[in-house]
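Let me begin by presenting the structure, written as structure tokens, before commenting on it.
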Amino acid sequence: MDFAEFFINNFGRIATRTAEHVVIALSALFLALLVAVPLGILLTRQEHLAKPVLGLGNIIMTIPSLALLAFMLPVLGIGNRPAIAALFLYALMPIMRNTYTGIKQVQPSLIEAARGMGLRDFQILYQLELPLAFSFILAGIRTTLVILIGWATLAAFIGGGGLGQLIWAGLTNINYNLILSGAIPAAGLALLTDLLMGRLETILTPRGIRKTRVKEVKNAFNKD
Amino acid sequence: MVSFVEVNKTYPNNTQAVDSFSLTMAKGELVVLIGPSGCGKTTTLKMVNRLIQPTAGKIFINDVDTDELDPVELRRQIGYVIQDISLFPHQTVARNIATVPLLKKWPDGQIRDTVDRLLRMVDMDPAVFRNRYPSELSGGQQQRIGVLRALAADPEVMLMDEPFGALDPITRVQLQDELKNLQQKVNKTILFVTHDMDEALKIADRIVIMKDGQIIQAATPEDLLRQPANDFVRTFIGEERLIRKPDQVQAHEVMLRNPACLEAGKGLRQGLEAMREARVDSLLIIDNRRQFLGVVDVNTIQTHLKQNKTLQEIMVDWPTVGETDSVKTAVQLMVDQNVRFVPVVNDSGRLKGIITRARVVNFVLDYL
């Protein structure tokens with residue numbers, strides 16, 4: 001049977017798995033945003049915490065994905081929940097670090113001017129730091145989401161859903177069509193996400209900065 | 001209007017950044033703080049709006065102790081302009097200017113009118129500039145907007161920390177002029193930090209020179225130039241900027257070196273030749289050790305040309321001044337003796353230079 005035929009025949013199943021896959025990845029991302037963004041902001045206010053917390057995040061990142069998934073099993077059982085939990089833990093670090101760095105890279109002279117004019121700390125955060133850090137943070141979210149979509153395929157290994165199921169089934173039965181029917185949509189999802197988030201980034205970058213970015217890129221070329 | 005009373009700033013590692021700073025600024029006065037790097041000028045400025053907290057002493061604005069106010073409220077009453085990029089890049093010019101009025105919750109109409117009025121004050125058409133972004137402006141335009149932003153809420157006091165330092169010299173001069181103009185219209189009490197002496201001399205009502213955290217001299221530009229307090233101030237201002245009267249300047253500072261001269265033993269024709277080359281009508285006569293002996297003018301030579309004489313034989317005496325004599329003495333001599341020039345000699349009578357009427361005019365022009 002050729003792949004196209006297989007695909008059309010099993011479309012319903014593939015679509016379901018794709019939807020599951022997206023839900024798993026997005027859930028993990030959403031939870032991670034809830035925790036990591038405020039944490040990242042907090043770290044910029046409490047510098048002494050920054051090093052240890054970011055260090056801890058680094059350590060989590062070094063744990064192999066499969067191992068982390070496995071650690072979740074005794075705690076959360078099998079199925080989607082441990083998968084989302086593991087993905088959540090992975091997503092924490094990049095988002096937190098990007099939030100922290102994004103805010104830190106705002107020009108200190110701007111912060112000083114804002115303070116000198118009489119903005120309170122939270123006003124500086126909302127009116128200045130977050131808008132200026134936004135595209136940086138969004139870039140981090142974009143990368144993280146793409147990676148999560150990749151890793152979500154592993155959810156199947158611990159009984160969760162998603163396109164990993166198809167890949168796993170295909171592997172055990174040595175059915176190439178089955179494997180492809182999982183792998184191709186997964187890759188496609190990742191690409192699509194990257195593209196869409198790229199568009200989103202451009203649309204959401206405050207106008208004043210967008211132009212500076214272009215100038216910076218142009219200048220970089222001219223210097224060479 | 002703004003008073004500093006024994007203000008001190010000592011850091012935990014015992015560096016004393018500002019030491020017993022006391023100063024009273026009158027309403028509408030533009031005071032410039034200037035001094036070498038690390039003298040404490042910026043620290044002093046930042047203690048006014050409490051970006052830096054004094055370790056001792058008090059600062060009063062309109063007889064109110066700034067320590068008793070909420071720092072944030074205090075800052076909203078003070079205009080603040082800094083050197084580096086400070087316009088918020090993600091906001092339009094209009095929004096930037098409106099920053100403090102918005103914090104103070106002014107009505108929209110009032111804010112809009114204020115922004116337009118301020119832009120017009122610096123000849124920037126509101127219709128064109130309101131909705132521009134900082135990245136679309138030149139450095140000079142950005143700093144103008146920075147100043148307007150500081151003025152927007154109509155504060156009585158402005159703090160400016162080397163605001164024109166990052167601009168090219170031409171733009172800098174333009175903005176200095178504009179600031180002076182603006183100051184005529186708005187009459188703010190301004191504390192201005194710079195390290196540029198020319199800028200200070202140009203815009204200040206009073207200049208405060210600082211070193212190692214202390215005030216060395218506080219005076220109007222005129223007084224500073226006339227009577228620098230000590231050698232440090234003299235050096236810092238730069239000799240060439242100081243105003244000195246003719247009786248303080250010495251002859252050797254004003255004279256022309258290498259005046260046209262010739263040894264006494266030479267002949268008349270050689271004398272004529274020398275005069276023609278130097279394009280002068282008088283020649284200073286010297287001996288072989290460059291001792292000044294007298295003067296020969298072209299007419300005398302013409303008269304005696306046919307006779308085979310040496311310069312020595314036809315020269316005449318001439319009044320001279322010493323190198324270290326004042327210019328005033330030289331000019332007095334020129335007047336009293338009705339001469340057009342005065343040779344300058346050293347202690348042993350050796351010719352060093354000449355002071356002509358042209359040189360005197362130059363000198364006067366330099367100090368006008």
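The values are calculated or read from the model by the stated rules, or taken from the named source; none is laboratory data. Note that this is a predicted model, so its numbers are computed, not measured. Backbone-built Cβ (ideal geometry, glycine too); neighbour counts: all protein chains shown.
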Open item on the list: Please count how many residues of segment B:130-146 are surrounded by fewer than 22 Cβ atoms within 10 Å (Cβ to Cβ) and not acidic (Asp, Glu).
Closed with: 10
TODO: Hey, can you tell me all the residues within segment B:274-312 that are among the hydroxyl-bearing types (Ser, Thr, Tyr) and within 20 Å of B:VAL342 (Cα to Cα)?
DONE: B:SER282, B:THR300
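Residue by residue through segment A:100-110, note down the ones that are within 11 Å of A:LEU132 (Cα to Cα) and out of contact with any Asp or Glu (no Cβ under 6 Å at 6 or more places or on another chain).
To start, the set of residues in segment A:100-110 that are within 11 Å of A:LEU132 (Cα to Cα) comprises A:102-107, A:110.
Passing the criteria: A:GLY102, A:LYS104, A:GLN105, A:GLN107, A:LEU110.
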- [ ] State which residue is surrounded by the most Cβ atoms within 10 Å (Cβ to Cβ) when the search covers only segment A:100-120 and only residues that are more than 7 Å from chain B (Cβ to nearest Cβ) and part of a helix (DSSP H, G or I).
- [x] A:TYR100
- [ ] Go through segment A:105-150 residue by residue and tally those that are among the basic types (Lys, Arg) and either at pLDDT below 90 or under 19 Å from the mean Cα position of the chain (by Cα) (or both).
- [x] 1
TODO: List every residue pair whose Cβ atoms lie under 6 Å apart, where the two residues are 6 or more positions apart in sequence or sit on different chains, the first residue falls within segment B:70-88 and is within 8 Å of chain A (Cβ to nearest Cβ) and surrounded by fewer than 24 Cβ atoms within 10 Å (Cβ to Cβ), and the second residue, located anywhere, is acidic (Asp, Glu) and in a helix (DSSP H, G or I).
DONE: none
Task: Lone unmet requirement of (1) closer than 21 Å to A:LEU132 by Cα; (2) away from every other protein chain (no Cβ under 14 Å); (3) not in a helix (DSSP H, G or I) for A:LEU39 - done: (3)
TODO: For residues that are without any contact (Cβ under 8 Å) to a residue 24 or more places away in the chain and in a strand (DSSP E or B), scanning just segment B:56-69, find the one that is nearest to the other protein chains (Cβ to nearest Cβ).
DONE: B:VAL64
Open item on the list: For B:GLU162, only one of the following conditions fails: (1) surrounded by fewer than 17 Cβ atoms within 10 Å (Cβ to Cβ); (2) within 13 Å of another protein chain (Cβ to nearest Cβ); (3) within 24 Å of the chain's Cα centre (by Cα). What is its number?
Closed with: (1)
TODO: Taking B:GLU277 as the residue in question, decide whether it is of a type in the set (D, E, K, R) and out of contact with any helix residue (DSSP H, G or I) (no Cβ under 8 Å at 6 or more places or on another chain).
DONE: yes
Open item on the list: Can you pull out every residue in segment B:208-248 that is assigned to a loop (DSSP other than H, G, I, E, B) and surrounded by 18 or more Cβ atoms within 10 Å (Cβ to Cβ)?
Closed with: B:GLY213, B:PRO228
Task: Output for segment B:89-114, where each listed residue is among the charged types (D, E, K, R), under 21 Å from B:ASP125 (Cβ atoms) and either at the interface with another protein chain (Cβ under 8 Å from one of its Cβ atoms) or in contact with a helix residue (DSSP H, G or I) (Cβ under 9 Å, 6 or more places away or on another chain) (or both) - done: B:ARG95, B:ARG112
Task: Scan of segment A:121-133 for residues that are hydrophobic (A, V, I, L, M, F, W, C) and more than 9 Å from chain B (Cβ to nearest Cβ), ordered by number - done: A:PHE122, A:ILE124, A:LEU125, A:LEU130, A:ALA133
Task: Conditions (1) touching a helix residue (DSSP H, G or I) at 6+ places or on another chain (Cβ under 7 Å); (2) in a helix (DSSP H, G or I); (3) closer than 30 Å to A:ALA155 by Cα: number failed by A:ARG81 - done: (1)
